[in-house]
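Working notes for the structure below.
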Amino acid sequence: MPKDELNFLEFLQSFRRGELLREANDQLEDMIRAVKDTGQLECLPRVDSKLPRRALGTGIYFATEDGQLTRRDPDQVDMFEDELGERRTRRDLDS
């Protein structure tokens, strides 16, 4: 294994400067005290992980007069409305 890669135990030891390992050890000690009270321990090991998900950005939408959603603010004047309309018309005619 390359020098900068961590195996699972090395990861546990180094994650959050050992905080995860200390917390797990504290829980193990609590469990051992409980075992002393009951006299036995039943272990059911389980490994679980949660894959990271890409965060989705927020979207801003506006309600139209007829109850639909739009990305354009109906109260804001579009400075380039005429220019965009002409481009779309030319594009549609060229198609």
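The values are calculated or read from the model by the stated rules, or taken from the named source; none is laboratory data. Worth saying up front: this structure is predicted, and the values here are computed from it rather than measured. Cβ atoms come from the backbone with ideal geometry, glycine included; neighbour counts cover every protein chain shown.
For the stretch 23-59, the tally of residues that are of a type outside the set (Asp, Glu) and more than 20 Å from the chain's Cα centre (by Cα) stands at 19. Summed over the stretch 1-21, residues that are surrounded by 12 or more Cβ atoms within 10 Å (Cβ to Cβ) and either modelled with pLDDT under 85 or out of contact with any Phe, Trp or Tyr (no Cβ under 8 Å at 6 or more places or on another chain) (or both) total 8. Screening PHE80 with (1) of a type in the set (Phe, Trp, Tyr); (2) modelled with pLDDT of 85 or more; (3) out of contact with any Pro (no Cβ under 8 Å at 6 or more places or on another chain) gives one miss only, at (2).
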